[in-house]
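All remarks here apply to the structure that follows.
The values are calculated or read from the model by the stated rules, or taken from the named source; none is laboratory data. On a predicted model such as this, the values are computed, not experimentally measured, just so you know. Cβ placement follows ideal geometry from the backbone for every residue including glycine, while neighbour counts extend to all protein chains displayed.
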Amino acid sequence: MSQDGTVTRQILRQLGGSAPISDRYQAALRAAVARLDPAALARFEADWTTATARARDEYSLLPARYFVEHWFSWVAVERWPALAARLRACERVVAESPDRAERRAAAAEISQILRQAETATG
């Protein structure tokens, strides 16, 4: 794990996104998810159903806003397959490593991956 995010920066510099970033609307996000990983559509639809039900039940737009932000981040990362693979590797370290320092470094890199992927979307 590189605490300074060197791997993340190298991946973003070397690769262009494989799909254009979508607008922050459910329909545009759905289209981007379908293009990037059709297998993820079932989870996307289930999350949308849950978010809209919670929004209705709570009289709040926050569940829908969280849904959009979550899936926008997902699309931002998945546009770069190597970056998405690096994110999953870091997530495995956080979940499985017995070494606290290694988990912290991986968590920091996850944060940097998400921030840089979203920043690269413009």
In segment 74-98, anything surrounded by 12 or more Cβ atoms within 10 Å (Cβ to Cβ) and either in a loop (DSSP other than H, G, I, E, B) or of a type in the set (Ser, Thr, Tyr) (or both) is listed as 79, 80, 97
When segment 89-103 is checked residue by residue, the ones that are in contact with a helix residue (DSSP H, G or I) (Cβ under 7 Å, 6 or more places away or on another chain) and either farther than 17 Å from residue 77 by Cβ or free of Cβ contacts under 8 Å to residues at least 40 places away in the same chain (or both) are 91, 94, 97, 102, 103
Across (1) assigned by TED's automatic domain parsing to the domain that holds residue 111; (2) more than 12 Å from the chain's Cα centre (by Cα); (3) not aliphatic (A, V, I, L, M), residue 91 clears everything bar (2)
